[in-house]
Amino acid sequence: MTAARQQRKRWLLCGLLLGVALGWGISPPLSLWAATDNQLAVNADTGLAISGFDPVAYFTEGKALFGQPGFELNLNGVVWRFCNEGNRGAFAVHPEVYAPRFGGYDPVAIGHGRSVPGHPLIWAVIGERLYLFYSETSRAAFLADTGRIIDTAERKWPEVARSLGD
């Protein structure tokens, strides 16, 4: 586990204990949660973020795992699923850490000015951020030139995100 992840874990524990002490239950009220990306790719058929996959499991288990209906969290009108209470609690405290970057849209496509939802089974964690890709070809291109693609996607994301609201 990286030092940064260990520090976040300590903060998570402190946040959970504070939440219990203040009577919030397992997590702080919605008004205290950090916002995720402005536009999120949500599965149109199920209404679930990243098709019901647990965003924390990519980091803790190193693989894509389906979340369970018993471990759901509604954040800003979007339903996220988790494998267990711990993952749900970690996400509740730090959604900006665990939610896929660029709202789950493929960063290669974003770099070309397009919004193409990524697939939760085609993914990579780079720089402690989760990225989803439309295809294995897109993922391979990303991994071949990660820095440039992230920089380009970061520059183009505000414009692409604005177009999602149209």
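The values are calculated or read from the model by the stated rules, or taken from the named source; none is laboratory data. Just so you know, these numbers come straight off a predicted model, no measurement behind them. Positions of Cβ are backbone-derived with ideal geometry, glycine not excepted, and every protein chain shown enters the neighbour counts.
Of all residues in the stretch 116-163 being at pLDDT 95 or above and of a type in the set (Ser, Thr, Tyr), which is surrounded by the most Cβ atoms within 10 Å (Cβ to Cβ)?
It comes out as 131.
Which of (1) outside the structural domain of residue 46 (by TED's automatic domain parsing); (2) in a strand (DSSP E or B) does residue 72 not meet, given it meets every other one?
Result: residue 72 fails condition (1) only.
Being outside the structural domain of residue 65 (by TED's automatic domain parsing) and assigned to a helix (DSSP H, G or I) is true for just one of 141, 90. Which residue is that?
141
For the condition touching an Asp or Glu at 6+ places or on another chain (Cβ under 9 Å) and of a type in the set (Asp, Glu), what is the one hit in 96, 154?
Sole residue among the options that is touching an Asp or Glu at 6+ places or on another chain (Cβ under 9 Å) and of a type in the set (Asp, Glu): 96.
Hey, does the stretch 70-93 have a residue that's more than 19 Å from residue 132 (Cβ to Cβ) and modelled with pLDDT under 85?
Scanning the stretch 70-93 turns up no residue that is more than 19 Å from residue 132 (Cβ to Cβ) and modelled with pLDDT under 85.
Within the stretch 43-50, identify whether any single residue is over 29 Å from residue 156 (Cβ atoms) and in a loop (DSSP other than H, G, I, E, B), and answer yes or no.
The answer is no; no qualifying residue exists.
Taking the stretch 50-65 as the region of interest, how many residues are over 16 Å from residue 101 (Cα atoms) and surrounded by 14 or more Cβ atoms within 10 Å (Cβ to Cβ)?
3
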